[in-house]
1. Distance in nm between label sites at Ala169 and Gln323, each 7 Å beyond Cα in the beta-carbon direction?
2. Would you calculate, for the chain, the mean residue ellipticity at 222 nm contributed by helices, counting each DSSP H stretch of 4 or more residues as -39,500 (n - 2.57) and dividing by all residues, to the nearest 500?
3. Full-extension gain between Val381 and Phe677, please, as 0.36 nm times their residue separation minus the C-alpha to C-alpha distance.
4. Work out which trypsin sites (Lys or Arg not before Pro) in the chain are exposed loop sites (DSSP not H, G, I, E or B, at most 12 other Cβ within 10 Å) and give the longest gap free of them.
5. Which of rounded, prolate or oblate describes the range 468-570 when judged by the alpha-carbon gyration tensor and an a/c cut-off of 1.5?
6. Using R₀ = 41 Å, calculate the FRET efficiency as 1/(1 + (r/R₀)^6) where r is the Cβ-Cβ separation of Arg562 and Ala269; round to 0.05.
7. Any chance you could check the Cα centroid distance between the range 19-60 and the range 662-692 for me, in angstrom?
8. Grab the beta carbon distance between Tyr446 and Asn704, set R0 = 41 Å, and tell me the FRET efficiency rounded to 0.05.
Amino acid sequence: MKEIRTNRPLVMFFFLVMLGIVIWNKFRDNSRENWEEKSFTCRGIVETIQMSVSGSKMLTLSQVKPQSTGTDKKNSLRKILLYEKSDQTSKQNLFSQIQIGNEIQVTGEAESFEQAGDPGQFDARSYYEAMQVDACVFVSHIQILNVSYNPVKQLLYEWRTKAMKQLTAAMGERDAGLLGAMILGDKSQLDSEVKELYQQTGVAHMLAISGLHISLLGMVLFDWLRKHLLPMKMAAIVSLVLLLLYGQFTGFPVATSRAVWMLCIRLVARYIGKPYDGLTALAVSGSVILLQNPLQLFQCGFVLSFVAAGGILIYQEMTKKRQKRMKEWQKTLLSTIWTFFLTLPVMFWYFYETCPYAVIANLILLPLLSVLLGIGILGCVLCFLSPLAGGFILATVHWILAFYEFVCKEIQAFPGSTWVMGRPELWKVIVYYIFLLLSVYILAQYRDKRKAGFCMAALCFVLGSFRPTFEFLYIQMDVGQGDCVHIKAGGKNILIDGGGAAEYNVGKNKLKPYLLKNGVSKVDAAIATHRHTDHYKGLTELSECMKTGEIYTEMTRGKTLRISEDVYIETVWPLTLPEGSTQDENKDCSVFLIHYGRYKVLITGDLDKEGERALIKHYAGTDTLKADILKIGHHGSRTSTSPEFLSAVSPDAAVIQVGRNNYGHPSEETLKTLDAFGCVMFRNDTDGAVGISFDKKKIRIHTNF
């Protein structure tokens, strides 16, 4: 490419670093067992203090030295998160005297982070592993061993905490939560509904200390210092120091770290009088981040930040000639459209959906961002000097934030405002980017609209193939305590049960992300085997956050639900329900046979042995109950799955829907019965989500689906 410089050795080094990490990650042993210890004692240095969403303090402990070394797991701990035990919070604040840099010893309940059991679920273990945090401890006792502390980090933390309190006092929790996220990097008070609104309209990047924020603040500061207070070189030094302090002040998330590094390189270039190259600066910042934390390469924050920044720099270089003849509004429009298409695969990969009107939202709201940040920072500073003056200034911010919310809600109300695609295959993403770059390059360099149009058509074709398709797919989800089965066939999606937990929104946190990852924007129908909470609650939770068809709760024998021409669900139990029955007993729960050609799957809910005997008796002399796959009843409890029932069903494989540490399920008795029968077993607590794909010739079973 004529217009793109190729003599960039640091860019090549950055690509080699990424390639090395991919190869290393492919062959490293990343299997980690779950572990828990009721009384775990360790010592270490307090690295950070943060506020959690619940409003309590959360500490990061580095240089961890366990005092009891019973396992290799505890010997290899790098960093751990410390929380106050919930029953201690109301009595005393254990972390009130702790400062950053203190050496402390803590005792409490330790556990590893939860690994995602279902596709699409937030994987806490991978997220924290990328930050080199290996476990969390709910602290019941704490002792300060060394009172020495880091004065700079502690002072910045205290300023950040005070600033958040000042914003809350001046603006109220809702506005302060938004502005605090934008200028302080503190999301502890960010309203979940507002956060979701910004995400669904494609402007969530405004809620983080992103590269745009740093560029606006850093260059405005440098230009002001250079013009009004200091000579150029001194202004560069002061700006560089303040940028580093601001990065530390906000906690240095990846996007902030990338932007601070790039702007520091730009300021150094100005200081020494050398030309600044954006792609080289990007490569340097990326190499520094990855050499410190290699697994950041696979995290959304890193990928989104570097794809957006790198893509924009490449676009500017490819269209350098054309941009000289463009007006500012044309540059802004094309740059916004380019960024949307550039980040589209990343959004689908990590969030599975996007808003097609995000370009409109950004064109309307981005011009106000510099005003919002400037007024917000000024008002925040004034609050320390004069709360009245600061509150007066911040009143303007309230109206800007209200306008932001108004625009987001209006865009959300547009038809087709949510575009669900699911996670595309990697090779399709690569092909997409090839055609995207080709189309822009051909149009910019040769103005060949025909060839550029061909590339865009190919681009749209690849984009349309992102959505995954299946002939017939049965997935037994890992919902912890409870049952949930997803059936996908003929373009329709059916759920049988939905899990449910007392203090965890399974519908929002497990079912919805899983469905979105598989390109499902609507559940056509849902069926509950019975009304026990661990089967039914998740369906009602899902219906509150996603389009869900009718929920069937009392299916009796003979009722069928046809999904496609080849797939239908038949109810084989119970025979009848007494009038007014709530169908909340295990013996009355519905039993379903899923038919697909010659294949059958039997789903038994929580059916107990008494119900099994009645079922066998009713269908005696027929092969109605025979099935290829059996969903074991009642989580593998000893009250279900008798040898007689297994003989009647005669399955080739059995799946046990059971959560980790789930009331002792599955029982040894049930496991021995299945083993004696010679049935291949799969279980959610060890195998994660179990996916079973069917075609006309064979069945394929996938674990950790």
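1. Between Ala169 and Gln323, the simple spin-label model gives 4.5 nm.
2. Value at 222 nm, helices only: -15000 deg cm²/dmol.
3. Computed gain between Val381 and Phe677 is 99.3 nm.
4. For trypsin sites (Lys or Arg not before Pro) (loop position, at most 12 other Cβ atoms within 10 Å), the longest site-free span of the chain is 92-324.
5. Note, shape of the range 468-570 comes out oblate.
6. Details: r = 67 Å, r/R0 = 1.64.
Calculated value: 0.05.
7. When both Cα centres are located, 30 Å separates them.
8. On the way: r = 47 Å, r/R0 = 1.15.
Efficiency, from the Cβ-Cβ distance: 0.30.
The values are calculated or read from the model by the stated rules, or taken from the named source; none is laboratory data. Since the structure is predicted, the reported quantities are computational estimates derived from the model, not experimental observations. No Cβ is skipped: glycine too gets one built from the backbone with ideal geometry, and neighbour counts run over all protein chains shown. Each accessible area value is taken on the protein alone, full model and side chains, heavy atoms only, with ligands, DNA and RNA left out. Shrake-Rupley method; radii C 1.70, N 1.55, O 1.52, S 1.80 Å.
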